[in-house]
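Q: After the structure tokens below, expect a handful of questions from me.
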Amino acid sequence: MTHSLAMELNSLIESKAPDLFTLLSGLGKDLYFPKGILTQTAEAKVKAKKYNATIGIAKENGKPMFLPSVMGLLSGTTPDEALNYAPSFGQMELRKVWKDRMLQKNPSLDIKNTGLPLVTGGITHGLSVAADLFVDSGDTVWIPDQLWGNYNMIFGVRRGARVVRYPFFSSKEGFDLDGFSKALSGTPVHQKLIVLLNFPNNPTGYTPTETEAQGIASVLGRLAAKGQRVVALCDDAYFGLGYESDVAKESLFSHLVNKHERLLAVKLDGATKEDYVWGFRVGFLTFGGVYGPEVLEALEKKAAGAIRGAVSNVSQLSQSLLLKAMQNPAYPQEKRNKFDVMKTRYERIKSVLAQPEFNDVWTPYPFNSGYFLCLKLKGLNAETYRLKLLDNHGVGVIATAPTDVRVAFSCLDVEEIEPMLKTMRDCALEMQKDPEASNLSLHAQAFEE
């Protein structure tokens, strides 16, 4: 039976944004943020001036109890900042600071149509929360054919969706806008259209140009205007790492929040890659659309309920450290310095790959951003090649498709790039002499993460 708090949220959303309400999954309609222990604890925090016996932590002298061997490792951080529970929505100050930075990085973003980010346990968790809210078993979720394999787990295995791929690259060496439009246009109007947009793309390291980004947004806007109900999931894990002048500078989220009342945009981003704190597991989920603040807040309460019911809350220590770092005056320049390191690696690997000696063994897919690039092998099975490269040459890459390997230049120092690529070339030339090395049917399950 649907809880009364969920029914209140549903009533608000349905009355103010009926098309949005139909996008919610069955679970999404049942989700709510509880008012039990959390609400009572919050009230006691304000009013219980004498004794407060509500919060489920141990205290000593009015502060969270701690082991000196733990707090001794956390210089400059108080026990409350490090050890206390964080709210299920995330630390309010961090949410506000992240939104401010989002608006700075996306100056065309309409603030009135953009909600307040919720803190998630990394972007994978944020995608799972979005799936809980909007994906029912049997729904179709469109993902690029150049994909991060975990999408299959998040949407297919966990939510029972039908995961279908749209073409990512065209023969014109850029985003396949025509293929994207044709693929999505086949969705019957009575079905909701759930589409995932991942830029910079993992595994290829490609971000659309500004013209391509506007084209993608126009396709989704046209579909919504024709009656299609659209959920656009913007996986911005590597946002900000664009190395060419024509790369779109803003997230597609900015282009989508004002498009149509039948189009909901969901932004998944985080400190994980942007701030080089992978193990912090601090991501953000932000809703955007022409619905007004009440509706966006209702969605946030449902999302916070999903967080509460899965992980309760995200690490207080990680959130506190990130907030302090973002408020440090040195933070912007430190970010710029690391961007310059990444761009130098990008420029080096791009220049080495342009050497004609590599033309016989692979063709690089377009890349201009992020952490990665992909190589399309000539006449070789990617998994067979990966294993040979690893076992015989001590070089590790990822096989992402029968003919494709992913190279993470993000983890290579500049001086390592050319010798590694030459080792990869030598291995490929050796294998091209072996007929079995070209059998694309071998190791087929290796690409089905």
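Q: Would you calculate a helix-derived [θ] at 222 nm for the chain, using -39,500 (n - 2.57) for each DSSP H run of n ≥ 4 and dividing by the full residue count, to the nearest 500?
A: Only helices count here, giving -12500 deg cm²/dmol.
Q: Continuing with the same structure: Calculate how many DSSP beta bridges within the range 79-230 are antiparallel, expressed in % of all such bridges and rounded to the nearest 5.
A: Roughly 10 percent of the DSSP beta bridges within the range 79-230 come out antiparallel.
Q: Classify the range 368-418 as rounded, prolate or oblate from the Cα gyration tensor: take a ≥ b ≥ c as the square roots of its eigenvalues, call it rounded if a/c is under 1.5, otherwise prolate when a/b beats b/c and oblate if not.
A: oblate
Q: Spelling out what I want: for every residue of the range 304-318, take phi, set θ = phi - 60°, compute 6.51 cos²θ - 1.76 cosθ + 1.60 (Karplus), and round to whole Hz; glycine and proline get x.
A: Each residue of the range 304-318 in turn: 5, x, 5, 5, 4, x, 10, 10, 6, 6, 8, 2, 5, 4, 4 Hz.
Q: Please give the helix 37-47 orientation as an angle from the longest Cα principal axis of the chain, in degrees from 0 to 90, rounded to the nearest 10.
A: Orientation of helix 37-47: about 60 degrees from the principal axis.
Q: Could you give me the percent of Cα pairs per 5 Å distance bin for the range 105-199, shortest bin first, beginning at zero and ending with the bin that holds the maximum distance?
A: Bins of 5 Å from zero give 3, 11, 20, 19, 19, 18, 10, 1 percent of pairs.
Q: Let's test the formula: R0 of 60 Å, r as the Cβ-Cβ distance of residue 378 and residue 53. What FRET efficiency results, to the nearest 0.05?
A: 0.30
Q: Contour minus end-to-end for residue 178 and residue 340, with contour as 0.36 nm per residue of separation and end-to-end as the Cα-Cα distance?
A: So the extension gain works out to 54.9 nm.
Q: Take every Cα-Cα distance within the chain, group them into 10 Å bins from 0 onward, and report for each bin the whole-number percent of pairs it holds.
A: 4, 19, 28, 24, 16, 7, 2, 0, 0
Q: Using the alpha-carbon atoms, what tilt in degrees (0 to 90, nearest 10) does helix 331-353 show relative to the longest principal axis of the chain?
A: 20
Q: Shifting gears a bit: Once both axes come from the Cα atoms, what is the angle between helix 92-105 and the longest principal axis of the chain, in degrees from 0 to 90, rounded to 10?
A: Roughly 40 degrees between the two axes.
Q: Still on this structure: Work out how much length residue 210 to residue 387 would gain on full extension: take 0.36 nm times their residue separation and subtract the Cα-Cα distance, in nm to one decimal.
A: Full extension of this stretch gives 59.9 nm more.
Q: Would you mind getting me the FRET efficiency between residue 439 and residue 158? Use the beta-carbon distance for r and R0 = 45 Å, nearest 0.05.
A: Once rounded, the FRET efficiency stands at 0.85.
Q: Taking R0 as 41 Å, what's the FRET efficiency between residue 415 and residue 73 from their Cβ-Cβ distance, rounded to 0.05?
A: 0.75
Q: Would you mind checking which residues have amide H under 5 Å from residue 25's amide H? H placed 1.01 Å from N; only 5 or more apart, or other chain.
A: The list, which skips near neighbours in sequence, is 134, 135.
Q: Once you have the Cα-Cα distance between residue 5 and residue 311, take 0.36 nm times their residue separation minus that, and quote the gain in nm to one decimal.
A: Roughly 108.1 nm would be gained on extension.
Q: Which three semi-axes in whole Å describe the equivalent ellipsoid of the range 333-447, each the square root of 5 times a Cα gyration tensor eigenvalue, listed largest first?
A: Equivalent-ellipsoid dimensions as semi-axes: 27, 14, 12 Å.
Bear in mind that the values in this text are calculations on the coordinates, not laboratory data. All of these numbers come straight from a predicted model, not from anything done at the bench. Positions of Cβ are backbone-derived with ideal geometry, glycine not excepted, and every protein chain shown enters the neighbour counts.
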